[in-house]
Amino acid sequence: MESDLDQWRNEDTTPGQLRRIQDGQIWQTLSGPDGHPFFDNSDDRPNSSELRVGISIGFDGQVFLFSFQRSAFSGSHSTGVLSVSIANLDTHLRYRVENVLLCGLTPGPRELSGDELQKFICEFVTDLLRLYEHGLLVRTPQYPNGRLVRVALVCISCDHPALCRMAGFGDHSMNSCMCTKCELPHDMLFEEAGLTINSRPTRSTQEHLRRAQEYKTLNGKKEREQFFKKHASRWFEFSRLPYFDPVRMAIIDPMHNILLGVVKTQWCDVWIQGKTLRGRTATKKVPRELDEIHEILANFEMPRWVARLPSDVGYPAGGSLTSDEWKAMVLVYCLIVIPLIWEEWGPASDKEYQEQLKKLKPSASTQSSSRSQHGKLNKKSKTSQDQPQPRMHPQDADNFLTLAAALKIILARTIDVSELERAQDLLQAYLLKYREVSETSN
Ligand SMILES: [Zn+2]
């Protein structure tokens, strides 16, 4: 293990390529307690015998049901899992069960509030502070008389609600600002400006830390609630770490953000629940879009390392997908399947749409499209009184390919920095087109 922890020092960073966490700016610039870079890898670095460890922290809630069936009578217990992974280790070692450290379980039975969570992690952060400032002398195989080990937190990586509670930010329920990176009010999220990357000012780290301190000085519960509501900042224990930048180092992991977020929304909320991709008819069991997708999927021959999709994906019996399956869906299967489905079923959908338009009496335009009722990004159109919309929007398949092209760059094992601008442009184009496609004629 000791040599594995220092293995990163022997691997070169290729300029312009991001392959591992050590290639990133945080790792390369994080300051040590002596003012030198914490992860200095030069031959003449001071304290070269020290073992420097970078960790990332995850926190996720788990709900346990005390019965095999959900019912009003079955109790449930929610607990949060605080875990640490060691960023020094190469990715093939980092997430092995024996190398992931379980550091705490919240007691439940419900999720802790943002303030309660701080009490839970207070001692943990004190340990982190000691491990950074003073380190710990440990006898190791290479240093039988003791080696000083220092630890620094390089990122907190969770889903959005957990991240906000861990790093003192306001979450989706906070209208004043719901983003940990920029000053985005919730009611702007579905507007063009809200979906435009970099359109809002970046959140200031100094301001957030100052407000966290100020929140701590407030006494009354009501006073604190009002302060939090106004500034979307509150006290968080990690602010005691002198090197920790909550805006840059608290991140929503790509699994939650992209795979279980954007990709799942497009497939489940828009296409499945929006009836763009329909299952067989109820009475005569005539196969439709989903069944054809299954037929195509059954003929795929894939290497063993590509995740297989359930044979009835999209039907309730297909169950929910793992993030690995979502990744395979967006980067492999759907690239072929979706254009084929749109090509074959699009004309019938268009015909259906034209007939609906003909039937529509101007005074009776109260029918809202099934499509507009789904999708997290098009909240606004929920209340609109719309004209019918095509069940399969002609531009949806192309827009999906735009998303897939962006994710091919962002989710690659090695990211080419020169391609990031293109990835951002593609993602931006996808978001704005998604909004346009989802928008009804209001
Ligand atoms: Zn933002």
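Which of the residues that make up segment 171-187 are among the polar types (S, T, N, Q) and more than 10 Å from the ligand (Cβ to nearest atom)? Please lay out each step first, then the result.
As a first pass, look at segment 171-187 and keep what is among the polar types (S, T, N, Q): 173, 175-176, 180.
Result: Ser173, Asn175, Ser176.
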Exercise for the section: Just give me the residues in segment 274-321 being among the aromatic types (Phe, Trp, Tyr) and loosely packed, with under 13 Cβ neighbours inside 10 Å, in sequence order. Expected result: Trp305
Exercise for the section: Kindly indicate whether any position in segment 155-170 is within 27 Å of Ser49 (Cα to Cα), away from the ligand (no atom under 12 Å from the Cβ) and among the β-branched types (Val, Ile, Thr). Expected result: no
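Does any residue of segment 181-197 turn out to be part of a helix (DSSP H, G or I) and in contact with a helix residue (DSSP H, G or I) (Cβ under 8 Å, 6 or more places away or on another chain)? Write out each step before concluding.
At the first step, the residues of segment 181-197 found to be part of a helix (DSSP H, G or I) are 186-188.
Adding the requirement that they be in contact with a helix residue (DSSP H, G or I) (Cβ under 8 Å, 6 or more places away or on another chain) leaves none.
No, there is no match, as no residue in segment 181-197 is part of a helix (DSSP H, G or I) and in contact with a helix residue (DSSP H, G or I) (Cβ under 8 Å, 6 or more places away or on another chain).
Return a yes/no flag: does segment 220-233 have any residue that is under 16 Å from Asp115 (Cβ atoms) and within 14 Å of the ligand (Cβ to nearest atom).
yes
Could you check segment 188-204 and list, in sequence order, the residues that are within 14 Å of the ligand (Cβ to nearest atom) and surrounded by fewer than 16 Cβ atoms within 10 Å (Cβ to Cβ)?
The answer is Glu191, Ala193, Thr196, Ile197, Asn198, Ser199, Pro201, Thr202, Ser204.
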Practice task
Of all residues in segment 258-291, count the ones that are without any contact (Cβ under 8 Å) to a residue 24 or more places away in the chain and within 17 Å of the chain's Cα centre (by Cα).
Solution key: 2
Fill in the blank from the handout: Within segment 163-174, residues being touching a residue at least 24 places away in the same chain (Cβ under 8 Å) and either out of contact with any Lys or Arg (no Cβ under 7 Å at 6 or more places or on another chain) or among the aliphatic types (A, V, I, L, M) (or both) number 8
Exercise for the section: Could you please tell me which pairs satisfy a Cβ distance under 9 Å, a separation of 6+ or placement on different chains, a first residue in segment 387-398 that is surrounded by fewer than 21 Cβ atoms within 10 Å (Cβ to Cβ), and a second residue that is assigned to a loop (DSSP other than H, G, I, E, B) and not hydroxyl-bearing (Ser, Thr, Tyr)? Expected result: Gln387/Leu360; Gln387/Gln367
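Select, from Val263, Val247, the only residue that is in the same structural domain as Ile341 (by TED's automatic domain parsing) and surrounded by 16 or more Cβ atoms within 10 Å (Cβ to Cβ).
Working: Val247 fails: in the same structural domain as Ile341 (by TED's automatic domain parsing).
Just one listed residue meets the conditions, Val263.
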Practice task
Kindly list the number of the only condition in (1) more than 18 Å from the chain's Cα centre (by Cα); (2) not in a loop (DSSP other than H, G, I, E, B) that fails for Leu163.
Solution key: (1)
Completion exercise
(1) assigned to a loop (DSSP other than H, G, I, E, B); (2) at negative phi all hold for Arg52 apart from (1)
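Assess whether Ala212 counts as being in contact with a Ser or Thr (Cβ under 9 Å, 6 or more places away or on another chain), touching a residue at least 24 places away in the same chain (Cβ under 8 Å) and within 15 Å of the ligand (Cβ to nearest atom).
It is false that Ala212 is in contact with a Ser or Thr (Cβ under 9 Å, 6 or more places away or on another chain), touching a residue at least 24 places away in the same chain (Cβ under 8 Å) and within 15 Å of the ligand (Cβ to nearest atom).
Which ranges mark the helices (runs of 4 or more DSSP H) fully within segment 332-438 that have 2 or more residues being modelled with pLDDT under 90? Before the answer, list the steps.
Numbers: elements: 334-359, 396-410, 420-438.
Because the criterion is at least 2 residues that are modelled with pLDDT under 90, the helices (runs of 4 or more DSSP H) in segment 332-438 that meet it are 334-359, 420-438.
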Problem - Checking Ile251 against (1) in contact with an Asp or Glu (Cβ under 9 Å, 6 or more places away or on another chain); (2) within 23 Å of Cys122 (Cα to Cα); (3) within 15 Å of the ligand (Cβ to nearest atom), the condition it does not meet - result: (1)
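The values are calculated or read from the model by the stated rules, or taken from the named source; none is laboratory data. Please read these numbers as outputs of a predicted model, since none were measured by experiment. All Cβ positions, even for glycine, are placed from backbone atoms using ideal geometry, and neighbour counts span all protein chains on display.
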